[in-house]
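Peer 1: A single structure is presented below for examination.
The values are calculated or read from the model by the stated rules, or taken from the named source; none is laboratory data. Keep in mind it's a predicted model, so treat the numbers as computed, not measured. Neighbour counts are summed over all protein chains in view; Cβ atoms, including those assigned to glycine, are modelled from backbone coordinates with ideal geometry. These accessible areas exclude ligands, DNA and RNA; they are computed on the full protein's heavy atoms, side chains included. Shrake-Rupley method; radii C 1.70, N 1.55, O 1.52, S 1.80 Å.
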Amino acid sequence: MSDEALGAEDDNESFDDWKGQMAGFAGISGSCETLDQVKLFEIIKPEWRSKLTDLFHKLQQLWWDSLSTKQKLSYALRVTNTGRSSSVPPLVAPFDFGIDPTWWSEHGTSTEYKSIVSDWMKYPMPKAFKPLGSIESITRPGDLKVAESDQTVPIPL
């Protein structure tokens, strides 16, 4: 869904300092011993991705909310509000609708990522997927529909 970090952005910050900072963003306070038992992932916003990122995060949150407290203990807590982002594109080209137009206009023809984005903007939206509403209108998995058949898109929970 996004880039995930398990540690500091650079060598100037220790892992414990990073983990303490992530715990603060997640609203967790406590001793070092408490934090040792908490698993955290920092979610780094991919600047190249369109608002599809918002949909992915919304689906992640729906899945997370469906878990019991006991089930949640076996997963890492995803910290999304750090403000950290990356403009580095992935090696595999996404569908065109997944590319942010502003990022593309700034980076798509630059030499910086030329070898990575050479096959980008060549994958149009699949026929079965058409915009049916805003991301904000999705409140449960059944709100996602396939355009042609009006069937619910199966979402594994």
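Peer 1: Taking 0.36 nm per intervening residue step and subtracting the Cα-Cα distance, what contour gain separates GLN21 from GLU112 on full extension?
Peer 2: Additional length available on full extension: 29.6 nm.
Peer 1: Another question, if that's okay. In segment 1-105, if the dipole is taken from +1 on Lys/Arg beta carbons and -1 on Asp/Glu beta carbons about the Cα centre, which of ALA76, TRP63, TRP103 is farthest to the positive end?
Peer 2: Sorting the options by dipole projection puts first TRP63.
Peer 1: Given the pairs LYS19/LYS51; LYS39/LYS122; LYS19/LYS114; LYS72/LYS122, which are separated by over 31 angstrom at their Cα positions? It would help to have the intermediate numbers written out before the result.
Peer 2: Values: LYS19/LYS51 28 Å; LYS39/LYS122 38 Å; LYS19/LYS114 35 Å; LYS72/LYS122 39 Å.
Exceeds cut-off: LYS39/LYS122; LYS19/LYS114; LYS72/LYS122.
Peer 1: Here is a further query. Between ASP119 and GLN71, 0.36 nm times their residue separation minus their Cα-Cα distance comes to what?
Peer 2: Extra length from ASP119 to GLN71 when fully extended: 13.3 nm.
Peer 1: What part of the accessible area of segment 1-109, given as a whole %, is carbon or sulfur when the probe is 1.4 angstrom? The partial results should precede the final answer.
Peer 2: Working: 3500 of 6720 Å².
It is 52 percent, rounded to a whole number.
Peer 1: Under the rule of at least 5 residues apart or a separate chain, name every residue whose amide H is placed under 5 Å from the amide H of ARG78.
Peer 2: PHE41
Peer 1: Net charge within 10 Å of SER50 by Cβ-Cβ distance, Lys/Arg positive one each and Asp/Glu negative one each, not counting SER50 itself?
Peer 2: Summing Lys and Arg as +1 and Asp and Glu as -1 gives -1.
Peer 1: State, to one decimal in nm, how far the label point of LYS51 lies from the label point of SER87, with both points 7 Å from Cα in the Cβ direction.
Peer 2: Rounded to a tenth, the inter-label distance reads 2.3 nm.
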